[in-house]
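These notes concern the structure reproduced below.
The values are calculated or read from the model by the stated rules, or taken from the named source; none is laboratory data. Since we're looking at a predicted model, the values are computed, not measured. Note that we place each Cβ from the backbone using ideal geometry, even for glycine, and neighbour counts take in every protein chain shown. When the accessible area is computed, the model is the full protein with side chains, heavy atoms only, and any ligands, DNA or RNA have been set aside. Shrake-Rupley method; radii C 1.70, N 1.55, O 1.52, S 1.80 Å.
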Amino acid sequence: MSLSNSQWKHRSQNRWQQCEVGGCYKPRHQSSQYCANHARRQQYYGHAEGYRIKKKDLAPFLKSVKRFFRKHKEHPAIVESIKVLDEWLYEGVILASNGGGKACQELRRLYDSGIRGKDVLEVAGAVWLMSHHLPAMIPDDERLTFALSRAILQTCPQTERITGFSSTGEAKRSHNRAGATVHRVVGQFIRDSIGIVYYRMFEAMARDTEREKQQRQDRKHRLRMPFVNGTEDGP
């Protein structure tokens with residue numbers, strides 16, 4: 001796509017401006033208000049200061065969510081959430097087969113790999129739980145939207161494409177990465193459709209934690225009770 005004279009002028013002037021991120025003194029990239037690194041972060045993670053959430057960091061939260069959903073597997077909210085997500089995935093398959101956009105293509109890839117609503121519910125729950133407990137890592141803004149989508153789309157291997165050939169004739173491959181638009185569509189759907197379920201989950205988890213804390217305190221109290229002489233001590 002060719003740029004107009006005004007666009008070229010803006011780019012040439014913009015390159016002399018400083019990146020908008022505080023503490024970054026690099027020049028801006030093309031028409032962006034950020035340097036190349038922060039512009040790339042915004043594209044990948046929904047924010048110039050976002051970053052990739054590793055599976056190992058998400059693992060303990062995923063374990064907690066799976067345990068909670070097993071305990072409440074018959075709850076109407078859980079049953080309905082799985083149904084909503086199953087229908088969403090299948091609708092993506094249908095739309096992808098009829099020329100649907102890139103988001104639909106991603107949903108079909110998930111469905112064809114055996115991913116179902118229950119898997120999506122658990123993975124998205126783990127991301128949201130991590131954001132709930134560690135808001136500095138995943139703030140409740142576009143970073144959460146992107147993190148939800150990225151975790152869901154990475155539940156199965158991404159498709160590969162051949163980008164060229166080496167001097168020995170060996171094919172060079174790279175993974176097809178979903179763009180910012182896809183992440184906004186996927187992540188926002190999760191937020192809008194089943195977000196309330198996760199907030200109710202947080203409330204229930206907090207009650208369980210408080211109950212367990214009280215039980216531990218009661219146990220300590222009983223263990224510290226003194227022995228006194230009397231009929232309750234026997235003959």
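Before moving on, here are some points about what is shown:
- Over all Cα atoms in segment 1-133, the spread is summed up by Rg and Dmax: 20.9, 62 Å.
- With protein chains left intact and a 1.4 Å probe, residues in the chain average 66 Å² of accessible area per residue.
- Per-residue SASA entry for His38, accessible area with 1.4 Å probe, Å² rounded to 10: 30
- Computing Rg and the Kirkwood Rh from the Cα coordinates of the chain gives a ratio, Rg/Rh, of 1.17.
- Cysteines not pairable in the chain (beta carbon separation under 4.7 Å absent): Cys104, Cys156
- Surface share of carbon and sulfur [accessible, 1.4 angstrom probe, percent] for segment 1-151: 51
- Debye log10 I(q)/I(0) at q = 0.14, 0.19 Å⁻¹ for segment 55-119, Cα point scatterers: -0.52, -0.80
- Inter-label distance for Arg116 and Glu212, nm, one decimal - labels placed 7 Å from Cα along Cα-to-Cβ: 2.9
- The label point for Ala180 and the one for Lys55, both projected 7 Å from the Cα toward the Cβ, are 2.8 nm apart.
- Per-residue SASA entry for Tyr34, accessible area with 1.4 Å probe, Å² rounded to 10: 40
- Alpha carbon Rg of segment 19-72, scaled by the compact-globule rule 2.2 N^0.38 Å: 1.72
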